[in-house]
Amino acid sequence: MSKSLGNFFTIREVTKLYHPLALRHFLLGTHYRSPVNYSISQIEISSEAVFYIYQTLQDCEDAVSSLKEESATNAKVRISPAAQECISKLHNEFEAKLADDLHTPSILNAALQEALRFINSSVNMLKKKQQKQQQLSPVKSLVDLEKQVREVMDVLGLLPSLSYSEVLQQLKDKALRRAGLTEAEISHAIEERMQARKNKEFSRSDQIRSDLAAKGIALMDVGKETVWRPCVPVQQEQPSTPAQQEKRGVPGEEQNPPQPAEKPQSVVPADK
């Protein structure tokens, strides 16, 4: 490993294109006693995983905001048995994996993901309940589960002082930089795609979506609105990422912006 061979990147270089939380997630995804081989594909997956975590927490926060206080003060409201089981399992497995020689990869890939999937399914169920009284127990369940997830993330160093929305925006800003695009250009592409769909030019619509996905930008149709989020470009994509399991994004086809070599690299601290 040397500068002359060019087989390493500084942390400063990596964080120009990727959020520091994505780099931290990537490092936690390898056991501390195992070799860490840095590659673009792995940091892309970690970046998408962090976005998935924070989008899930943001969705949870939005879902419970109107009834959070009432669910906390109403003594009759109890969390569901399923939520309690999920909370206990996350807490117990987290402590067990830390005690097992700080096995952080198992925490990120198993216990935490299960809790996040439970949050997503609970948020979807909450939206279907019409009466406020029916919503209080799911709200309290989500509040308590979010608290447990935050505790885990805090210990892992994945919980900055920023709000969920601020972290999500920073992740999107990094994705734009990697793609070589601006927010305005994506908005224009979304409008162009919508017009193509109105004109029944579906091949053109699909092409616009594919072109953006190839640059790591996924378009999602939510009702009558189209929104975007970062995704793993398809040439870097690997199966069973959390966001793909939840079908929250659309994989791209190829990486467009110039990136460092794909071969395993080492990450070293930047020179002060």
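Net charge near PRO160, counting Lys/Arg +1 and Asp/Glu -1 over other residues with Cβ under 13 Å of its Cβ? Working shown, then result.
Details: positive: ARG24, ARG150; negative: ASP154, GLU166.
Net local charge, PRO160 excluded: 0.
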Expected unfolding gain across HIS91-ASN109 under the 0.36 nm per residue rule, minus the alpha-carbon gap, is 5.0 nm
The simple spin-label model distance between VAL36 and GLU70, using points 7 Å out along Cα→Cβ, in nm, is 4.7 nm
Given 23-29, 89-95, the highest-first ranking by average Cβ count within 10 Å works out to 23-29, 89-95
Cα-Cα longer than 19 Å, checked against LYS174/LYS224; LYS89/LYS147; LYS68/LYS129; LYS127/LYS198; LYS68/LYS172, kept in input order, equals LYS174/LYS224; LYS127/LYS198; LYS68/LYS172
For segment 10-128, the Cα-Cα pair-distance distribution in 10 Å bins from 0, as whole percents, is 12, 34, 31, 18, 6, 0
Cα-only Rg/Rh for segment 56-97 with Kirkwood Rh rounds to 1.07
Label model pair VAL234, SER161: point-to-point distance (7 angstrom along the Cα→beta-carbon line) in nm is 4.4 nm
Output for segment 123-194 (equivalent-ellipsoid semi-axes, sqrt of 5λ from the C-alpha gyration tensor, Å, descending) is 33, 22, 7
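Read-outs: derived from the displayed coordinates by stated rules, not from any lab. Computed from a predicted model, the values in this text were never measured in an experiment. As a convention, Cβ positions derive from the backbone with ideal geometry for all residues, glycine included, and neighbour counts pool all protein chains shown.
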